[in-house]
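Asks: Below: one structure in structure tokens.
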Amino acid sequence: MRHRIAVVGGGPAGLTFARVLHRHGHSAAVLEGDPGPAARPPGGTLDLHEGLGQLALDKAGLLAEFEALSRPEGQAMRILDTDGTVLRDWRPRPDDRANPEIDRGQLRDLLLGPLDVQWGRSVTRVVPGARDGVQVHFADGRRETYDLVVGADGAWSRVRPAVSSVTPHYTGVTSIETFLDDVDTRHPDLARLIGDGSAAVYGVNRSLVAQRNSGGHVKVYTKFRAPLDWHTDLDLADVEAVRSRLLALFDGWAAPVLDLLRHGTAFVHRPLHVLPVSHTWTQVPGVTLLGDAAHLMPPLGAGANLAMLEGAELAESIATDPEDLDEAVRAFEEQMWARAGRWAKITTAGLERLVSPDPAEALAVFDQVQPS
């Protein structure tokens, strides 16, 4: 196969696509704007589902390596009332591998393997329809031409405008995350509160989830309903000011729960945006999308899993029919749209119930997903 293929974005979707293509003896240029793999924190842990993310890794020939790195015990989930009462305490069986956890950094390194990523290649736009292919414009002024450009560059994709004019919209829910390090030594009471996996607390129109990563690292995620401009009177770079605002927002919750915020060392503001539930586009020769670039949805465990499986499936489709790229992409897109639409409905409804005026709705979601 002599096609010139590029994937924009070195996250789970783009790396899985390139890795599966590599397994089939083909190559793709991986174009990533970050200057290197350690340029920024890789983010929290991911639970890879048996029929989604794990299937993608199997297609890449990496399932055994994933199983050696993953943490099945990380599937544990504890639900607390705002007063600290334990409402649910689910622990997986020792052989339960439905959704084991893996740190994003470990997953990235696993997928990188032999891939030659072009770091520091920041894409500004993609222009299809050129005589010799699809033009990719870079921030440094250079241009390169490919037969197929795959946009795996996330929520604010620079590739998406080549196929769709749709942009993400705010859900009405904002997330602020923080983290604690060396929790077992420095905060043993909080370590016991969280357990082996996650501990979640749901209140009126707000929630707090603490999620254990490897190495004693814990990510803490708050979510609450607020206007997009809720912080106009707050300096988001002022750690103590943000902490104070959050403690006021969660006032009255149990002291151990609030300690997760008191001991946080930095705060990251993430208003939650989504694309329309059934986002599709008129097919454009030479350009397609994966993951959040195609179907940004609430962060409820589906996004990375879908993105990885899509990357694997697109790569397999191309490897199976390498002579007709457009036909391979067209078949892939139809399959992706149908599945992503179903998951977008599930996660949109899930966010409504998890950040709800009635906290009992969140508990009901847990009982449906993980009955006791």
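Asks: Any residue that is open to solvent by 10 Å² or more (accessible area, probe 1.4 Å) and assigned to a loop (DSSP other than H, G, I, E, B) - is there at least one of those in region 300-308?
Replies: Looking through region 300-308, at least one residue is open to solvent by 10 Å² or more (accessible area, probe 1.4 Å) and assigned to a loop (DSSP other than H, G, I, E, B).
Asks: For A266, work out the one condition from (1) farther than 18 Å from K219 by Cβ; (2) open to solvent by 30 Å² or more (accessible area, probe 1.4 Å); (3) over 15 Å from the mean Cα position of the chain (by Cα) it doesn't fulfil.
Replies: (1)
Asks: Filter region 47-57 for residues that are of a type outside the set (G, A, S) and assigned to a helix (DSSP H, G or I); which is surrounded by the fewest Cβ atoms within 10 Å (Cβ to Cβ)?
Replies: Taking region 47-57 as the starting set, the residues that turn out to be of a type outside the set (G, A, S) are 47-50, 52, 54-55, 57.
Then keep just the ones that are assigned to a helix (DSSP H, G or I); that gives 54-55, 57.
On the way: Q54: 23, L55: 18, L57: 27.
Top of the filtered list is L55.
A quick yes/no check of all residues on (1) among the aliphatic types (A, V, I, L, M); (2) surrounded by fewer than 16 Cβ atoms within 10 Å (Cβ to Cβ); (3) at pLDDT below 95:
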{"site": "P128", "(1), (2), (3)": "no, yes, no"}
{"site": "G133", "(1), (2), (3)": "no, no, yes"}
{"site": "G141", "(1), (2), (3)": "no, yes, no"}
{"site": "A162", "(1), (2), (3)": "yes, no, no"}
{"site": "H169", "(1), (2), (3)": "no, yes, no"}
{"site": "S175", "(1), (2), (3)": "no, no, no"}
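Asks: Consider region 317-352. How many of its residues are open to solvent by 60 Å² or more (accessible area, probe 1.4 Å), assigned to a helix (DSSP H, G or I) and either closer than 15 Å to H3 by Cβ or of a type in the set (D, E, K, R) (or both)?
Replies: Number satisfying all stated conditions: 8.
Asks: A further question follows. When you look at L31, is it modelled with pLDDT of 95 or more, within 21 Å of G113 (Cα to Cα) and in a helix (DSSP H, G or I), yes or no?
Replies: no
Asks: Could you tell me which residue of region 275-292 is nearest to Q211 (Cα to Cα), considering only residues that are open to solvent by less than 30 Å² (accessible area, probe 1.4 Å) and in contact with a helix residue (DSSP H, G or I) (Cβ under 7 Å, 6 or more places away or on another chain)? Write out each step before concluding.
Replies: Filtering region 275-292 for residues open to solvent by less than 30 Å² (accessible area, probe 1.4 Å) gives 275, 279, 281, 286-291.
Next, only the ones that are in contact with a helix residue (DSSP H, G or I) (Cβ under 7 Å, 6 or more places away or on another chain) stay: 275, 279, 287-291.
Values: L275: 26, H279: 31, V287: 37, T288: 34, L289: 30, L290: 27, G291: 23 Å.
Here the answer is G291.
Asks: Report yes if some residue within region 17-35 is over 22 Å from V287 (Cα atoms), among the polar types (S, T, N, Q) and either free of Cβ contacts under 8 Å to residues at least 24 places away in the same chain or in contact with a strand residue (DSSP E or B) (Cβ under 8 Å, 6 or more places away or on another chain) (or both); otherwise report no.
Replies: Taking every residue of region 17-35 in turn, none turns out to be over 22 Å from V287 (Cα atoms), among the polar types (S, T, N, Q) and either free of Cβ contacts under 8 Å to residues at least 24 places away in the same chain or in contact with a strand residue (DSSP E or B) (Cβ under 8 Å, 6 or more places away or on another chain) (or both).
Asks: Examine region 203-223 for a residue that is touching an Asp or Glu at 6+ places or on another chain (Cβ under 9 Å), within 22 Å of V274 (Cβ to Cβ), surrounded by 14 or more Cβ atoms within 10 Å (Cβ to Cβ) and among the small types (G, A, S), and state whether such a residue exists.
Replies: No: zero hits.
The values are calculated or read from the model by the stated rules, or taken from the named source; none is laboratory data. Every value quoted in this text rests on a predicted model; they were computed, and no experiment measured them. Neighbour counts run over all protein chains shown; Cβ positions are idealised from the backbone, glycine included. The protein model used for the area step is the full one, side chains on, heavy atoms only, and it has no ligands, DNA or RNA in it. Shrake-Rupley method; radii C 1.70, N 1.55, O 1.52, S 1.80 Å.
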